[in-house]
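Q: Below: one structure in structure tokens.
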Amino acid sequence: MITSEESRRAKLKLKGNKCLHCGATVQEAIARRGTVKNKFEFNHADPSKKHPRYKALIERKTFSTELLDELDKTYLLCVDCHRTLHAQHIRGRASMSFQLDGLRLNANCTGQVVADWVDRKFTFFSAQDVYTDAYYVQIGDAEPVLQFGQTLKDNFDKYLLGTKVTGQLRVYTYDMKEVFSAVKLSETDLELTHSTTFSLIPVKITDPKVGTIWMRGGWTVFQNGTSSRNGTLTVQATYPVESEKVASQ
């Protein structure tokens, strides 16, 4: 069983190991203080989504889907910046537009703001997820088509179930590194290959030898909190009955 300190460090690692406003790092805190206890906190940009038993949940040593879901709702701040955020109590709205190779993605977000009036530095924490990474998506034998992550996520289930007709789905990064594939094996089965670096779609696998493994947020995570940026998972899956209807649309 890991210690409380090890569990804290494992969670901080998944959130980037530094305060997203001032840049204070976990490594510096450990070097200076020997511990991260009472130095960093997880902030909910949308407080209404905070788990009703948050304190007990976030202190669990064993990782679970429920715990990882909660971490996904948060941003990492040092204690000072977290207190400043709540003391300033600034709400903000941001309109963003992303353009790439003829594609455009518009997003309107609400969230919280931390302000440093001397350095004129403002950090905005969105309460909404916006998936701006670009991917090439190949359906069947067609040429790969460039899409923003938001478009891919919105259509992913349709693309995946559609492989019963198209035969395959492949996803590549902008520089054409394959990070996901779904290949039809039969009328009932398909093979899925998922890279840790494909952070758009979370995956959960239960293995009788090592327990539960998650691929999400660019990490492979184990129940004891161990995590890695590397890895590829290949599994066989079964089409749901509904896929026949979806694939024919």
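Q: Going by average Cβ neighbours within 10 Å, how do the peptides 128-136, 181-189, 30-38 rank, with the highest at the top?
A: So the order, starting with the most tightly packed, is 128-136, 181-189, 30-38.
Q: List the lysines whose alpha-carbon lies under 25 Å from that of LYS18, not counting same-chain residues fewer than 8 positions away?
A: Counting by Cα, and skipping residues close in sequence, LYS18 has these lysines nearby: LYS37, LYS39, LYS49, LYS50, LYS55, LYS61, LYS73, LYS121.
Q: What is the Cα radius of gyration of the stretch 134-247 over 2.2 N^0.38 Å, N being its residue count?
A: 1.08
Q: Just how far, in whole angstrom, is the stretch 85-149 from the stretch 9-78 if you go by their alpha carbon centroids?
A: Centre-to-centre distance over Cα atoms comes out at 22 Å.
Q: Here's something else I'd like to know. Compute the orientation-averaged projected area for the stretch 110-196 from the convex hull of its Cα atoms and round it to one decimal in nm².
A: Details: hull surface 31.4 nm².
Computing the convex hull of the Cα atoms and averaging its projections yields 7.9 nm².
Q: Here's a follow-up. Among VAL203, THR193, ILE90, whose Cα projects farthest towards the positive end of the dipole of the chain, with charges put on the beta-carbon of Lys, Arg (+1) and Asp, Glu (-1)?
A: Going by the Cα projections, it comes out as ILE90.
Q: Sticking with this structure for a sec: Just the number, please: Stokes-Einstein D of the chain in µm²/s, Kirkwood Rh from C-alpha pairs, 4 °C, 1.567 mPa s.
A: Using the Kirkwood radius from Cα pairs, D works out to 64 µm²/s.
Q: Find the Cα radius of gyration of the stretch 57-170, compare it with 2.2 N^0.38 Å by division, and give the number to two decimals.
A: 1.46
Q: Per-residue HN-Hα couplings for the stretch 27-40, Karplus 6.51 cos²θ - 1.76 cosθ + 1.60 at θ = phi - 60°, whole Hz, x for Gly and Pro?
A: Listing the rounded values in order: 4, 5, 4, 5, 5, 7, 10, x, 7, 9, 4, 6, 10, 10 Hz.
Q: Let me know the whole percent of all Cα-Cα pairs from the stretch 4-87 that are separated by more than 22 Å.
A: Here the long-distance tail beyond 22 Å is 21 percent of all Cα pairs in the stretch 4-87.
Q: Cut-off under 22 Å on the C-alpha distance; same-chain residues fewer than 8 positions from LYS177 excluded. Which lysines are left, in chain and number order?
A: LYS153
Q: Right, something else. Taking H as built 1.01 Å from N, whose amide H comes closer than 5 Å to the amide H of THR212, not counting residues under 5 places away?
A: The answer is ASP207, GLN223.
Q: If you don't mind, another one. Using θ = phi - 60° and the Karplus curve 6.51 cos²θ - 1.76 cosθ + 1.60, what whole-Hz ³J(HN,Hα) does each residue of the stretch 85-92 get, with Gly and Pro shown as x?
A: In residue order, the calculated couplings are 4, 6, 5, 6, 6, 9, 9, x Hz.
FYI, it's all coordinate maths here, none of it is from the lab. These numbers come from a predicted model, not from an experiment. Quick reminder, even Gly has a Cβ in these numbers, built from the backbone with ideal geometry, and neighbours come from all protein chains shown.
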